[in-house]
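All remarks here apply to the structure that follows.
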Amino acid sequence: MTETQATPGTDERTEVRLAVAVHVEAELLRLGLQAMLPGLGCVERAEEFGHTEALDRALAEHRFHVLILSSSNSGHTTAGRLRHTQPGLRTLVVLDPADAESHGALARLPADGYLLREELTAAALDRALRQLAADEMPMPLRLGRRLLSHAGESAHLLPARTVRLTAREHQVLDLLVAGLSNKQIARRLRISEHGVKRLVSSVLLKLGAANRTAAVVTAIKLGLID
């Protein structure tokens, strides 16, 4: 386990202070993340774990806000389990080029946000972490477009299924498609963030989706979104 501490300093955006766990098997990517994370204003501490057993213990004993993984990791089953057993933990997956081009990669790697390895910079990482902290889902534009395009093309292959959303849930779904965060949705609908979280959870449950992106894709396939 390797721990790095962010350098104290004045930053107009330091209101976001995250504890970040890193489990990346690829050495160059792991070293790059170790170099970048301590310099980000939104990171309070970052710890790197080389084995899933050590990661399991750390997540059970300490509070982390974000877990960074790589699509090249071998232990995706463990990663998927951690997402469901650690309440509030956000997962950020760094996608290798081959996985970014694969339509099935996101299905195999459910996460709260994605970054492309070839586009990984300190600024991009900082932005993604802040988006996760704001209940937004970081995703490269071209990856999102490819995903939505594939969903539309494969819509006719999906078995008929009825999903009944309330009028309010439909409103929330439309705003999720627009990329709004929970806070922004709350302002738009003039309800509390707690109410938004409850509605988002209900939409995800009804659509059988693990995250917002999966919910949008499923909604398109079911014809719930024009």
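Read the figures in this text as sums done on the coordinates, not as results from a lab. Everything numeric in this text was worked out from a predicted model, so none of it was measured. Quick reminder, even Gly has a Cβ in these numbers, built from the backbone with ideal geometry, and neighbours come from all protein chains shown.
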task: List Thr52, Thr121, Thr91 from most exposed to least, where exposure is judged by having the fewest other Cβ atoms within 10 Å.
output: Thr121, Thr52, Thr91
query: Length gain on complete extension for the stretch Glu27 to Ala54, per 0.36 nm per residue less the alpha carbon to alpha carbon distance?
result: 8.0 nm
message: If I take R0 = 41 Å and measure r between the Cβ atoms of Val163 and Arg127 in this structure, what FRET efficiency does the formula 1/(1 + (r/R0)^6) give, to the nearest 0.05?
response: 0.80
- request: With r as the distance between the Cβ atoms of Ile191 and Ser74 and R0 = 41 Å, compute the FRET efficiency 1/(1 + (r/R0)^6) and round to 0.05.
  value: 0.45
task: At a Cα cut-off below 22 Å, give the lysines reachable from Lys221, other chains included and same-chain residues fewer than 8 away excluded.
output: Lys206
